[in-house]
Structure formats: C-alpha cells, structure tokens
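Report on one structure; see the data block that follows.
Each reported figure results from applying straightforward, stated rules to the coordinates on display, with no laboratory input. In this text, all values refer to a predicted model and were calculated from it rather than measured experimentally. In this analysis, Cβ positions are derived from the backbone assuming ideal geometry, glycine residues included, and neighbour counts consider all displayed protein chains.
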Amino acid sequence: MTMERDLYGPDHEAFRKTVRTFLAKEVAPHHERWEKEGVVDREVWRSAGRQGLLGLAVGEEYGGGGTEDFRYSAVLIEEFARAGASGLALSLHNDIVGPYLTRLATEEQKRRWLPGFVSGDIVTAIAMTEPGAGSDLQGIRTTATDQGDHYLLNGAKTFISNGILADLVVVVARTTPEGGSGGQSLLVVERGMDGFERGRNLDKIGQKAQDTAELFFNEVRVPKDNLLGEENHAFTYLMGNLAQERLAIAVGAAAAAEEILDVTTRYVKEREAFGRPLAKLQHIRFEIAEMATEAAVTRTFLDRCITEHSQGRLDAVHASMAKWWATELQKRVVDRCLQLHGGYGYMNEFRVARAFLDGRIQTIYGGTTEIMKEIIGRSLLG
Ligand SMILES: Cc1cc2nc3c(=O)[nH]c(=O)nc-3n(C[C@H](O)[C@H](O)[C@H](O)COP(=O)(O)OP(=O)(O)OC[C@H]3O[C@@H](n4cnc5c(N)ncnc54)[C@H](O)[C@@H]3O)c2cc1C
C-alpha cells in the first residue's frame, strides 16, 4: 500500500517498463552465476546500451538520451534496487561518473569517449578512495607530475566499483604537492595504458556480482589530453557532483527497503506459528506498521528531493540528509525484516538474507552516515 506518487509522467513509466523487461531478460537469469564469478558479463553492458539505459544525460549527438531529467535515472535505480540487481552498476556509470564527462570534457574528449559510454563499449569507474584516504579526500596521495605534454601518475586506489571491467577510470590525483584540497586534478586513465594494473577483485560480504577492485598506477604516462576540466580543480568538481551520487544511493535505499517490506508482509501472512499466521500477532503487526510508516515518510521526502534535483535545485545538504536517512532506514528495515523471517532469514536463498548483505554497504560508500551528518552539522552550526 503506497500513496500515489505524482513525480513521474507517462514517459517515465514507459521507461520503467523498458528497465523491467531488461532486468527480467538480461539480468535475472544470470545474476546467480555472476555472483559466483564476482563480476557481470561484459556483454550485458552492451545490451544495456542497446536498450538505451546508458548515458541518459549524454547529448543526442553522441548517441545519448539527451535528458537532464534525473527522474529517468531515479526510475532505473528504483527498478534495479527492487530487483536486487546489485552487480550491474549502471547508476555508477550514468549518475556518478557520467556527469564528470558531460560537464567537464572538452569537445574532443566527448567525441572520443561518449559514444562508447552510451553503447556500453566503454565501462567507467571513479577512483577517489585510497588505502589511506577514504572519508578524508584531502589525504589523497596518488600523484600526477607534470612532464610537459603528459603527467606521470603514481599511486594506488582501493574499493573501486567496476574496477575489473572498467575501460575508463576517472582518477583523483594530486598535481600540486602542497596545494591541500586545491592541489588535486581529475585524470582519465584508460585500459591498456602502460603501468596501469588492476589488483584483486575484492572479496566482499555482499554485492557479490559487482567487481570492486584495487587499482595501481606505476609511472603511467597520462597525456594532458586526458585531463578533465582544469588542473587543481578536482575538489570543487567532486563537491559539485557528490549531491547527485548521494541522491542516487538514497533512491536505491528507499526502493530496496520498500521491496523487502513487501516481501516480508507476504511472508508473515503465509508463515504460521502457534496455529495462526504470524501476521495475526500484535508484535508482528506493529513491526510492519512501524516500518511501513517510516518508509512512507521517507518516500515523501525523497520524491521531493528527486523533483528538486530534476529542476537543478537540490543542494548538498539536503542530498546528505537524503543519503544518511534513507540508507539507515534501509539498514533498519532489512534487519527487522530478517528477524521476522526467523531462521529462514539467515538462509542465502531467501531474498531478505541477500538484501541484508547487499545493503550493508549503503551507509558507508558515497560518504558515510557520519560524514553526511558532518556536512549537515557544518551547514547549521558552522
Ligand atoms: C563496495 C564498495 C564500493 C566502493 N566504491 C567506490 C568507488 O567506486 N570509488 C571510490 O572512490 N570509492 C569507493 N568506495 C570507498 C568508499 O567510498 C569508502 O570506503 C568510504 O568513503 C569510507 O572511507 P574509508 O573506508 O576509508 O573509511 P574511513 O574514512 O577510514 O572511516 C572509518 C570510520 O570513521 C568514520 N569517520 C571518518 N571521518 C569521520 C569524521 N570526520 N567524523 C566522524 N566519523 C568519521 C567513518 O564514518 C567510518 O565509520 C567503495 C567502498 C566499498 C566498500
């Protein structure tokens, strides 16, 4: 039972159907295998491209969807979350890496990268985090030394989503040693560049089909033509794009919580104990009632954030509120729903068990809950 949502029109709902068909045909039949293999098939990226699911915001002249309307992205994220399709990181490609290319790339760079970005021939990743620097991006140690027509890139990144499959990685590197947050730049590192090595596909507790890897850069010659935007401006660019990243994660979190609540509502109606369905016990009813209320309240705020962002008005503070609130809600709901499944909730073959493991990262990546609260606190208290 959900309140009617008024932010989507017929075109968004038609797009939702396309996404659902894609998930049913191209993702669901393979997901279990991908989880075992630790990575999705390369070809599914191209299928996504053929279905128009890549580069929604990329200009039509490069083959993209040509829309800045974030609601299409929100639809895609919701459907992937509801399907539990945690392996194929289309939102990372579209909503997180995409804006760096569409907003900062020169015309020449756009012509080089965007057609492949849209077709699925170029899978992308963004590499900010390092073994010694996650929340505190000012501590980044990867260096790019100016050599005239190119930079020499040295350093290591970790926890990079799409790390194994990525053909193009936006790397945050220090170009001015003493420049603090003002001394970092964004460099595009491409598959095959000498000295660019991938480490292990990391062994995670959830999101098993998603390739998350370490990346190493040893004296990589990155041509100046691969600098994104202006030198030493990375921090400003990152701050500008993180609001969308955080909203995207929040949208997935709310949809995942709703989905698990639906699954659990059905489960407690069917499962019997003490001669009647669990759903007849007051404690269970109150659990479901509380979670449904929290999910509904969250939905209202998030839909407002999606609308604001589609109109280019969502600020970093509200995006941070959406991120920590929705992901913490997801964590709470999934945990309580697992409890309501009893022992079956602990079995991997049950949807709720996967949701528990896949969802746990949500309060950590894209900025932890604590960092979100820091951002909000700073805006209110200085
Ligand atoms: C599956 C996965 C995928 C990821 N994908 C990517 C990716 O594609 N690209 C990328 O660049 N990174 C990625 N990350 C990295 C992720 O963004 C970082 O792990 C995250 O930002 C936290 O950084 P950290 O792990 O270094 O933790 P730390 O920064 O060491 O934090 C440890 C703890 O201290 C808390 N803490 C830190 N500073 C403060 C503070 N000032 N006040 C209060 N508490 C604080 C944190 O909230 C956390 O609880 C991914 C991580 C995972 C696990």
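A compact table of results
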item: Charge tally in the Cβ shell below 13 Å around residue 277, where Lys, Arg are +1 and Asp, Glu are -1, residue 277 excluded; result: +4
item: Long pairs among 204/323; 157/323; 36/157; 36/110, criterion Cα-Cα beyond 29 Å; result: 36/110
item: Overall Cα dimensions of the range 117-161, principal axis frame, Å, largest first; result: 35, 32, 14
item: Helix 234-270 vs. the chain, principal-axis angle (Cα, 0 to 90°, nearest 10); result: 20 degrees
item: Peptide ranges 147-159, 114-126, 282-294 listed from the most packed, as the mean C-beta count within 10 angstrom indicates; result: 114-126, 147-159, 282-294
item: Of 210, 311, 362, the one that fluctuates the most in a GNM where the chain has Cα springs shorter than 10 Å; result: 311
item: Under 9 Å, Cβ to Cβ, from residue 357 - net charge with Lys/Arg +1 and Asp/Glu -1; result: +3
item: Sparsely packed GluC sites (Glu not before Pro) within the range 325-377, loop by DSSP, other Cβ within 10 Å at most 12; result: 349
item: Gap separating the Cα centres of the range 1-41 and the range 161-194, nearest whole Å; result: 31 Å
item: Charge tally in the Cβ shell below 13 Å around residue 135, where Lys, Arg are +1 and Asp, Glu are -1, residue 135 excluded; result: -3
item: Whole-angstrom gap from the range 305-382 to the range 47-72, using each part's C-alpha centre; result: 26 Å
item: Bridge type composition, the chain - antiparallel percent by DSSP, nearest 5; result: 85 percent
item: Residue-averaged [θ]222 nm for the chain, counting only DSSP H segments that reach four residues, each worth -39500 (n - 2.57); result: -15500 deg cm²/dmol
item: The chain: angle of helix 282-310 to the longest principal axis, Cα-based, in degrees nearest 10; result: 30 degrees
item: For the range 7-151, average projected area of the Cα convex hull in nm²; result: 11.0 nm²
item: Long-range tail of P(r) for the chain (Cα pairs > 30 Å, %); result: 39 percent
item: Total charge dipole magnitude, the chain, about the Cα centre, Cβ charges on Lys, Arg, Asp, Glu only, Debye to nearest 20; result: 1160 debye
item: Nearest 10 degrees, 0 to 90: helix 107-119 Cα axis against the chain principal axis; result: 30 degrees
